[in-house]
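Before any comments, here is the structure.
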Amino acid sequence: MAKKDPYAALRIKEFNIFLLVRFVLVFGWSMQFIVIEWQVYSITKDPLSLGIIGLMEIIPAFTMALFAGHIVDQKEKRNLLATCISAFSLISLGLFLLTWDEIVGDWTTKAILYSIYGLVFFGGFLRSFFGPTIFSLVALIVPKKIYPNAATWNSSTWQMAGVLGPAFGGLSIGWIGVHWSLCIIFGLVLLSLIILLQIKKKPVLNPKIGEPVIQSLKEGVRFVFKTKAILGAMTLDMVAVLFGGAIALLPVFAQDILKVGSEGFGVLRAAPAVGAFITMLITAYIPISKNAGMKLLAAIFGFGVCIIVFGLSSIFWVSLLALFFSGMTDGVSMVIRQTILQIKTPDNMRGRVSSVNSMFVGSSNELGAFESGITAKYMGAVTAVVFGGTMTLITVITTGLVSPSFRKLDLTKDIEAHENED
């Protein structure tokens, strides 16, 4: 019985290959992000520069999202992901070269900084394709009846990479420096591409190949806005991520408040992912589909509380625990949201729905980084983080009061319907 087997998705060979690809790719991506954060703040000592990193990624990611979803629904997914990874390898190579003294030794700080921003901008463009492609590909690898189990392991793998990538990135800065850390990242990206080619090409399930772009985009947006469970989960998580962006200010806390150096920075950066990973392992054995709406509201409320505690703390272990528990609550939120999306999205619209999700949730990470950078610049880092956590609590309370249908959301029947399919 698939619903009683916590390892159902892991019994599919191609899904394991897919998880390995995602692990290596996310490990490299998350490692690269914090190495660049550290480098940019080290050369500028301006928290606003951290916000600009987020802004440079969100502009192309947000503006291209819907169009990327249309392309994903029209193209073969394995090869499209391979193209995206190949392009991402060029970004990693570029960042490696930008930290090579023999190449940029006579460059001004501003020229190096703007070049980094330019590569981050290109990465935002690619990101608009990564999310929808990965979301669509996994649905072609596993049968519908084990989507919830696949979503749990998929998210767990993402979080595991999010644990190890930042931790290793923080340590590698101290051990071998920013330059050679970026060289390792370049190698990891190439490795993920080689592994991906072990997955076979998949059929394109969209019956409307060649559909006009505008019509296709309208259909995708219309579906999301009429499916209240999807819209509610996206909106709630978007606001939580937007205002709970303490992670973007971690270099400030690590260097100036907690004074723990690059090693402490890596540990702090990994703490939320450790908490989320533990939560996701638990959900593989204890499904959380029943009363999903209330559980999602409670999880995001807990997340807001943790962010406030982190902002107020000046003690390393208290800050570490706050980030750890913020990850645990975020893990619940992620599993519920991914289950809602996989279960309620038709196969021919997965790219477009995932793109809308990236506009709501994915891009809000970078927009939240920019918001945190602005507020930290003018209000101070501590005030910025506490303000964000408070706004998250207000949003959860408001949603719970004005949307009784979302409070009553239960995914049990939807999951049972898929499990009974042939």
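The values are calculated or read from the model by the stated rules, or taken from the named source; none is laboratory data. Because the structure is predicted, anything quoted here is derived from the model rather than measured. For neighbour counting, all protein chains shown are included, and Cβ atoms are generated from backbone atoms with ideal geometry for every residue, glycine included. Each accessible area value is taken on the protein alone, full model and side chains, heavy atoms only, with ligands, DNA and RNA left out. Shrake-Rupley method; radii C 1.70, N 1.55, O 1.52, S 1.80 Å.
Computed with a 1.4 Å probe over protein heavy atoms only, the accessible area of Leu401 comes to about 130 Å².
The trypsin sites (Lys or Arg not before Pro) of region 173-208 that DSSP puts in a loop, and whose beta carbon has at most 11 other beta carbons within 10 Å, are Lys200, Lys201.
Within region 1-131, all pairs of alpha-carbon atoms sorted by distance into 5 Å bins from zero give the percentages 2, 9, 16, 18, 16, 13, 10, 7, 5, 2, 1, 1, 0.
For region 62-77, 3J(HN,Hα) computed residue by residue from phi via the Karplus equation (6.51, -1.76, 1.60; θ = phi - 60°) reads 6, 5, 8, 4, 5, 4, 4, x, 4, 4, 4, 5, 9, 10, 6, 6 Hz, glycine and proline entered as x. Each Cα pair under 8 Å and six or more residues apart adds its sequence gap; the mean of these over the residue count of the chain is a relative contact order of 29 percent.
Loop-located trypsin sites (Lys or Arg not before Pro) in region 235-290 (DSSP state other than H, G, I, E, B) with a sparse environment of at most 15 neighbouring Cβ atoms within 10 Å: Lys259, Lys290.
The accessible-area ordering, largest first, of the residues Met359, Met280 stands as Met359, Met280, per a 1.4 angstrom probe. Of the whole protein surface, Trp107 contributes about 100 Å² of accessible area at a 1.4 Å probe radius. Between Lys259 and Arg11, the modelled labels are 5.7 nm apart [label points 7 Å from Cα along Cα→Cβ].
Taking all protein chains as they are arranged and a probe of 1.4 Å, the heavy atoms of Ser326 leave approximately 10 Å² accessible to solvent. The candidates Arg407, Arg352, arranged from most to least accessible area with a 1.4 Å probe in the full protein assembly, appear as Arg407, Arg352. The calculated 222 nm mean residue ellipticity attributable to helices in the chain amounts to -27500 deg cm²/dmol, summing -39500 (n - 2.57) over DSSP H runs of n ≥ 4 and dividing by all residues. Could you point to the label whose value was computed as P(r) over Cα pairs in 20 Å bins from 0, in percent for the structure here, given [x] 26, 57, 17, 1; [y] 17, 24, 14, 10, 11, 15, 7, 1; [z] 27, 61, 12, 0? Correct label is [z]. For region 140-200, the Cα gyration tensor yields ellipsoid semi-axes of 30, 16, 5 Å (square root of five times each eigenvalue, largest first, whole Å). Based on alpha-carbon atoms, the Kirkwood radius and the radius of gyration of region 98-242 give Rg/Rh equal to 1.03.
When the residues Leu98, Leu312 are ordered by accessible surface, computed with a 1.4 Å probe over the protein chains alone, the sequence from largest down reads Leu312, Leu98.
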